[in-house]
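*Asks:* Provided herewith is a single structure, encoded as structure tokens, for subsequent inquiry.
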Amino acid sequence: MIVIPARVKVVVVMVSALALAAGLLTLALLSKPAQAKAESFTASDWSAFAFTDISPCTGEPYALEGRVHVVTHYTQDANGGYLVTGEVNVQGSGVGDTSGAKYLFHQKSAFHRRYNGYFPDNFTAAGNFRVIRQGSATPTDDFVLPFVGHFTVNVNGEMTSTFNKSGEGECV
């Protein structure tokens, strides 16, 4: 049996959210009408996640669940390119397996880029996820999980590669 560390699952959730945003962008851009007037639209998607991990600060296993909300706004310019702006909001809560400690998880990130309307293309995102232990007398039980995610789309609009990487959790 292969065991996947939970921090990789967190990164997969965020990369999946970013891949979803990229997929929406890909679908929107595959049919590119020639227009002089700017067109705009907004896409919104919710997805759920659940995972378990071990606190790097206390060594206690915990289970966490929550939701990811991705909102992306596209504005086409007169040249057929797009200004893409958006936000990824992740929030969740969980409980420590042995102590019953309560955890909150939240992360909010924004993205902004200009897209020329043609493939190939690529996108990279990086950030930190903060997990906060509730009711702790000190913040030494809180920790951060860093991540980097990337995808590449070929000239046909097909996603050809993705990667994600997470660092070790660090107590704050």
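Only the coordinates and a few stated rules stand behind these numbers; no lab work does. Keep in mind that what you see is a predicted model, and the values were worked out from it rather than measured. Note: ideal-geometry Cβ built from the backbone for every residue, glycine included; neighbour counts use all protein chains shown.
*Asks:* Which condition does VAL70 not pass, out of (1) of a type in the set (A, V, I, L, M); (2) within 30 Å of PHE41 (Cα to Cα); (3) surrounded by fewer than 18 Cβ atoms within 10 Å (Cβ to Cβ), if it passes all the others?
*Replies:* Tallying (1) of a type in the set (A, V, I, L, M); (2) within 30 Å of PHE41 (Cα to Cα); (3) surrounded by fewer than 18 Cβ atoms within 10 Å (Cβ to Cβ), VAL70 fails exactly one: (3).
*Asks:* Moving to a separate point now. All but one of (1) in contact with an Asp or Glu (Cβ under 8 Å, 6 or more places away or on another chain); (2) buried (at least 17 other Cβ atoms within 10 Å of the Cβ); (3) within 30 Å of GLY157 (Cα to Cα) hold for GLY96, so report the exception by its number.
*Replies:* (3)
*Asks:* When the range 71-87 is examined, which residues are found to be among the polar types (S, T, N, Q) and in contact with a Phe, Trp or Tyr (Cβ under 6 Å, 6 or more places away or on another chain)? So that I can check it myself, show each step before the final result.
*Replies:* We begin by selecting, within the range 71-87, every residue among the polar types (S, T, N, Q); these are 72, 75-76, 79, 85.
Selection gives GLN76 alone.
*Asks:* Give me the pairs, please: first residue somewhere in the range 51-64 and touching a residue at least 40 places away in the same chain (Cβ under 8 Å), second residue anywhere and in a strand (DSSP E or B) and of a type in the set (Ser, Thr, Tyr), beta-carbon distance under 6 Å, and either six or more positions apart or on two chains.
*Replies:* That search, which allows pairs on different chains as well, returns TYR62/TYR103.
*Asks:* Look at the range 136-160 and say how many of its residues are surrounded by 14 or more Cβ atoms within 10 Å (Cβ to Cβ) and not in a strand (DSSP E or B).
*Replies:* 4
*Asks:* Scan the range 105-138 residue by residue and report those that are charged (D, E, K, R) and either in contact with a helix residue (DSSP H, G or I) (Cβ under 8 Å, 6 or more places away or on another chain) or in contact (Cβ under 8 Å) with a residue 60 or more places away in the chain (or both). Give the steps one after another, and end with the answer.
*Replies:* The first filter runs over the range 105-138 and keeps only residues charged (D, E, K, R), leaving 108, 113-114, 121, 130, 133.
Selection gives ARG133 alone.
*Asks:* Restricting to the range 63-120, name every residue that is closer than 23 Å to SER161 by Cα, among the hydrophobic types (A, V, I, L, M, F, W, C) and not in a strand (DSSP E or B).
*Replies:* Listed by number, the list holds a single entry, PHE119.
*Asks:* Further question: Can you name the residue in the range 100-118 that is closer than 24 Å to VAL84 by Cβ and over 22 Å from the mean Cα position of the chain (by Cα) and is also surrounded by the most Cβ atoms within 10 Å (Cβ to Cβ) among such residues?
*Replies:* Just the residues of the range 100-118 that are closer than 24 Å to VAL84 by Cβ, to begin with: 106-118.
Okay, now just the ones that are also over 22 Å from the mean Cα position of the chain (by Cα), so 116-118.
Details: ASN116: 12, GLY117: 15, TYR118: 12.
Per the criteria, the residue is GLY117.
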